[in-house]
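The values are calculated or read from the model by the stated rules, or taken from the named source; none is laboratory data. Predicted model, so just to flag it, every value in this text is computed and none were measured. Note that we place each Cβ from the backbone using ideal geometry, even for glycine, and neighbour counts take in every protein chain shown.
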Amino acid sequence: MTPFFIRNEQYNFIKKQAAILEQAQRSVHDLKVLESVTYSVHTKIEGLFPQADEEQRSLLQEVTTLATSDDFVRYAKKLEARLVVFPAITERQIEKLFPKNKKLKLPDLKALDYRFVTYLHWIDVATSKLYMVYHANGQFIGVEGKYTPTHKKGFCFLCSRYEEIVFFSAVTRKRPAQASPDYYKAIGNYVCMNGEACNANLTDVTILERFVNEVNGS
């Protein structure tokens, strides 16, 4: 049995599904419809963990037994105890990810609750730069780029939630086979200005991983 098996984005997904079930319990009076919603929620949650052992599956199935608001709150707390912590990273390790930045602004690592981190995300107002650090295949991957404030809310391309956004543009390291020495390509999109909000909203890392890989030429 692995006690910690739920990643932050999976935890967010489960909470989102649990909220759908809770809302259905309040508003749906047809038992067959409610059973269908319950089955759908459980199936989607279970689908995130194809390798789950018996004890883990039992915990995930508990969502189908929740009946009151307090039940849902307690269930979220039980899930928190099973969260996989984002790997410990030092300021020195971050500096090595961005070697060209001699005066790199670092995030406040001590202020982070690593249970609720899928990727590090911080901005440097002085240089108009946004930085990301993701962990995949046993290593940290850094992404940096320019950001432009929009001073408005919109949908983040990573978490798909309506938050205050900035336009983020990063230069990709991927080069066509016959590219000239001065080849240059930037990838831009709208992303949450607040990294904590993005991490709290993120329910899937597919787009995040695709973006990180494309920028880094993987």
Next on the checklist: Looking at 102, 146, 110, can you tell me which residue is basic (Lys, Arg), without any contact (Cβ under 8 Å) to a residue 60 or more places away in the chain and closer than 28 Å to residue 14 by Cα?
Outcome noted: 110
Checklist outcome for this item: Of the residues in the stretch 1-40, those that are among the charged types (D, E, K, R) and either touching a residue at least 12 places away in the same chain (Cβ under 8 Å) or assigned to a helix (DSSP H, G or I) (or both) come to 7, 9, 15, 16, 22, 26, 32, 35
Next on the checklist: I need the full set of residues from the stretch 130-143 which are free of Cβ contacts under 8 Å to residues at least 24 places away in the same chain and closer than 17 Å to residue 105 by Cα, in order please.
Outcome noted: none
Checklist entry - Considering 162, 119, 134, which residue is of a type in the set (Phe, Trp, Tyr), touching a strand residue (DSSP E or B) at 6+ places or on another chain (Cβ under 9 Å) and farther than 25 Å from residue 81 by Cα? => result 162
Checklist entry - Quick check: is even one residue across the stretch 130-138 at pLDDT below 95, out of contact with any Asp or Glu (no Cβ under 9 Å at 6 or more places or on another chain) and more than 25 Å from residue 9 (Cβ to Cβ)? => result no
Checklist entry - Here is a list of conditions, (1) closer than 16 Å to residue 22 by Cβ; (2) touching a Leu at 6+ places or on another chain (Cβ under 8 Å), and residue 73 meets all of them except one; can you say which number that is? => result (2)
Item to check | Enumeration of residues in the stretch 49-64 that are more than 22 Å from the chain's Cα centre (by Cα) and outside any helix (DSSP H, G or I) | outcome: 53
Item to check | Count of residues meeting criterion [free of Cβ contacts under 8 Å to residues at least 40 places away in the same chain and either outside the structural domain of residue 21 (by TED's automatic domain parsing) or under 23 Å from residue 200 (Cα atoms) (or both)] in the stretch 41-59 | outcome: 9
Checklist entry - Looking only at the stretch 134-167, which residues are of a type in the set (Ser, Thr, Tyr) and not in a strand (DSSP E or B)? => result 160
Checklist entry - residue 88: exposed (fewer than 14 other Cβ atoms within 10 Å of the Cβ), assigned to a loop (DSSP other than H, G, I, E, B) and hydrophobic (A, V, I, L, M, F, W, C), yes or no? => result yes
